[in-house]
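The values are calculated or read from the model by the stated rules, or taken from the named source; none is laboratory data. Bear in mind that the values here come from a model prediction, so they are computed numbers and not experimental data. We place every Cβ from the backbone using ideal geometry, glycine too, and count neighbours over all the protein chains shown. Only protein heavy atoms, including side chains, enter the accessible area calculation; ligands, DNA and RNA are left aside. Shrake-Rupley method; radii C 1.70, N 1.55, O 1.52, S 1.80 Å.
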Amino acid sequence: MKKLLFPQLMLMLVASVFFVSCSDESEDPAPEVLTPKMDGVYVFGSNTIADDALDPDARMSLAVLDPTQGAMVESMEGIYGKFMYIGANSTIQFAEVEDEVGTTFGAADGGSVGIGAEVGNYPINDEVIYGTLETEAAPIEVSEEGLYYAYIDTNTDQFVLMRVEPNIIGDATEGQWATGTPLPQVFLSKDSAVYEASIPLTGASGYRYRFNDGWAVYQDPNIVTLSSLGVESYGEAWDSGVSDIGFYTENIPHHEDGIYTVRLTYNAATGEWDEDKVKTGNLEVDYSAIEMGLFGNAYVTAPEDTANWEAGVDGYELHTPVVDGNTFTWSWDAVDLIQDREFIFLENGEWGGLQIDYTGATVQGAAIENGQIVDATTVGGEYHNFFVAEGGPYNITLVIDGETDARTINIVPAN
């Protein structure tokens, strides 16, 4: 019987072991999320700068706030922000460590997606991922690759993720302060991001960089993030010609008109932003609606009525140009110029518009070569007007290159 009982006992033991083994496998808990012992707030996830909260790159710093708005402070306890690369179809979690005890957070349904300005205190005219952080909730879902700004308020558990799509805005730009000019992304990695565009900029003015179409990632009566880049001192940057951009509230100065390649770069290792601005051409100006005419006292505006430098009255044959691509040409035929008198070219026959004297253009033609029309200062005049050394009828043209702004005046005798 013992021989009979032993095999049966062995079968029972094996069956028992098999049953226990199957039961343990089916009830295994989810892997524990490890957190650091150092107090702080952390952000991490799949295909991003930090796989888990233990990675040094996961640690968040206090968010930079606008000291000119809200509570008028540069940072606030419990308010954190971080720029970070996030890959496509990633999941993100936050963790908070207090007294070496870590708590991991997700969001219901993996977070919500909506236009920031329409869903909460996120004045961004673009999609953001937002919600309230919860323990034991699903990780936050991010479908699109990009450089993101992560914001969290540990006091209210609010969070928002905004994809960085920067623009340049200000007096120097075409949109002035109303509309930003986009800087498309040209490079992206976990280490850096580069945004670049070729755009027109006007001089003696200023501008800022924003991280999206909006001035703050989060804004309420107390908390306003500083979500744009400027310089510490506009005056010092203007005088030195060096703009060290950063999280400052003064505008970045710009000196000279032109077409510029503007590059904005983020360095993940330092957390700093840098600009590179190179002039590649001159502004293309549209002169097609500009009425130009002679102005002065060297001609007759009506029978026996000699012009006498009276603005709004003495403009001679004001008219718009003939346009050929970016070339604008004004012509005046058989203008009977009075000897020993002077004139210039003036927009609308009014002071304050486009004004061209003898030194404001390349002056050429037979009348110039023969000394019939000269610079008035060479014959004792006070200003660089056109002086009529020999009266008579002349054919006159003014040509402006809208791309280079080069100006040419040609004057020849009409007979």
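Miscellaneous remarks
- Here the Karplus curve 6.51 cos²θ - 1.76 cosθ + 1.60, taken at θ = phi - 60°, turns the phi angles of the stretch 235-248 into couplings of x, 5, 5, 5, 5, 7, x, 10, 10, 8, 6, x, 7, 10 Hz, with x standing for Gly and Pro.
- The convex hull defined by the C-alpha atoms of the chain has an orientation-averaged projected area of 32.6 nm².
- Once the Cα gyration tensor of the stretch 69-127 is diagonalised, semi-axes √(5λ) in Å: 23, 21, 12
- Rounded accessible area of His384 (nearest 10 Å², 1.4 Å probe): 80 Å²
- Lys pairs under 27 Å by Cα in the chain, provided they are eight or more residues apart or on distinct chains: 5
- Prolate/oblate/rounded label for the stretch 253-360 (Cα gyration tensor, a/c 1.5): prolate
- Dimensions of the stretch 320-389 from C-alpha coordinates, computed as largest minus smallest value along each principal axis and given longest first, are 39, 29, 21 Å.
- Between helix 2-26 and the chain: long-axis angle, C-alpha atoms, 0 to 90°, nearest 10: 20 degrees
- The P(r) of the stretch 192-315 has a tail past 16 Å containing 73 percent of all C-alpha pairs.
- Model label points for His255 and Glu390, set 7 angstrom from Cα along the Cα-to-Cβ axis, are 4.5 nm apart.
- Principal semi-axes in Å for the stretch 107-185 [√(5λ), Cα gyration tensor, largest first]: 29, 13, 10
- Fraction in percent of alpha-carbon pairs per bin - 10 Å, the stretch 285-415: 13, 47, 34, 5, 0
- Farthest toward the positive end of the dipole of the chain, out of Val64, Asn297, His319, is the Cα of Val64, where the dipole comes from beta carbon charges about the Cα centre.
- Across the alpha-carbon atoms of the stretch 235-292, the computed radius of gyration and Dmax are 15.9, 56 angstrom.
- Residue-averaged [θ]222 nm for the chain, counting only DSSP H segments that reach four residues, each worth -39500 (n - 2.57): -3000 deg cm²/dmol
- For the chain: relative contact order, % (alpha-carbon pairs under 8 angstrom, 6 or more apart): 10 percent
- Compactness of the stretch 371-415 is given as radius of gyration and Dmax, 12.7, 36 Å, from Cα positions.
- For the stretch 46-94 and the stretch 192-213, distance of Cα centres in Å: 24 Å
- Neighbour net charge for Tyr149 - beta-carbon separation under 9 angstrom, K R +1, D E -1: +2
- The mean sequence distance of close C-alpha pairs (under 8 Å, at least 6 residues apart), as a share of the length of the stretch 35-161, puts its relative contact order at 26 percent.
- Take every pair of alpha-carbon atoms less than 8 Å apart whose residues are at least six positions apart; their mean separation over the length of the stretch 94-142 yields a relative contact order of 41 percent.
- In this rough spin-label picture, where each label sits 7 Å from Cα along the Cβ direction, the Val300-Ser233 distance is 6.3 nm.
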